[in-house]
Amino acid sequence: MRRKIVAGNWKMNLDYTEGISLFSEIVNMVRDEKNGNQIAVICAPYIHLNSLVQLSAGVVKIGGQNCNQNESGAFTGEISAKMLKSVGCEYVIIGHSERRQYFAETDELLASKTVIALQNNLTPLFCIGETLTERNDGSYFKVLERQLDHGVFTLSAEDFSKIVLAYEPVWAIGTGLTASPEQAQEIHAFIRTKIENKYDINVANNTSILYGGSCNPKNAAELFAQKDIDGGLIGGASLKSRDFVDIVKTFNS
Ligand code: PEP
């Protein structure tokens, strides 16, 4: 059975007080209103992580937004997977398009970040997705294939089974342009077939694949109703407690 997950990505937003306040609202609402097995996750800036874990009471899981590929050492400004784990994080986003674009993170680098995250018992939320140019010139299947081949298909079946994938078309992130449910389902089915070809049908059927890109309370239900979409990675809407929790509640029975 694959996990249904709604993960918020706060990016570089919210000072300490704002973060605590928003998270407290989210925890209370999720506790009172969630009615199902879906997992709510917040991936926050580092200054918040320790406090959010303390406030979460296990109701909302906590994740980092990045980790370094090394265990420890002279990497000023970086954070290790072990550090994230030590404050109680359970998840870490790896390969977000903003990291690929602004920090020149390559598929190979992301593969090593994934390995170190798994070694430290974090669940990588591994992002893939094509740019608008790649969508328009029709190369997007090839791009996604490359990101999978070099980023995560180097893992053993056992390790791959521990990760969560997120399909995030770059043209939909923060733009208000959402992939249609049909466009998203087409890609999610393509990804699942690739997993089956690389590993086997069981691994494919048990991998959670989230959709990300301008997901909001209005479009979540239709997206999450697609057979191969197992939840969402939510940017902007995770900064508003009501919107985020309404997306989480999309899975309520
Ligand atoms: C994201 O940054 O992962 C994301 C999906 O952002 P938004 O929901 O704002 O498009």
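Here are a few things to note about the model shown:
- Which of T193, P217, N66, positive extreme of dipole for the chain (C-beta unit charges): P217
- Pairwise Cα inverse-distance average, inverted: Kirkwood Rh of segment 68-123 (Å): 11.5
- Cα-based shape type of the chain, given that a ≥ b ≥ c are square roots of the gyration tensor eigenvalues and the cut on a/c is 1.5: rounded
- Along each principal axis, Cα extent of segment 181-253, largest first, Å: 40, 23, 20
- Loop-resident sites, segment 55-115, for chymotrypsin sites (Phe, Trp or Tyr not before Pro), counting at most 15 other Cβ within 10 Å (DSSP): F75, F103
- Sparsely packed loop sites in segment 14-80 (the GluC sites (Glu not before Pro) outside DSSP H, G, I, E and B with at most 14 other Cβ atoms within 10 Å) comprise E71, E78.
- Residue pairs, from the table K82/K142; K113/K240; K61/K218; K34/K218, whose Cα atoms sit over 27 Å apart: K82/K142; K113/K240
- Within the assembled protein chains, the solvent-accessible surface assigned to L109 is about 50 Å², based on a 1.4 Å probe.
The values are calculated or read from the model by the stated rules, or taken from the named source; none is laboratory data. Note that the structure is a prediction, hence the values are computed from the model and not measured. Every residue, glycine as well, gets a Cβ built from its backbone with ideal geometry; the counts of neighbours run over all protein chains shown. Note: accessible area is taken over every heavy atom of the protein model, side chains too, but ligands, DNA and RNA are not part of it. Shrake-Rupley method; radii C 1.70, N 1.55, O 1.52, S 1.80 Å.
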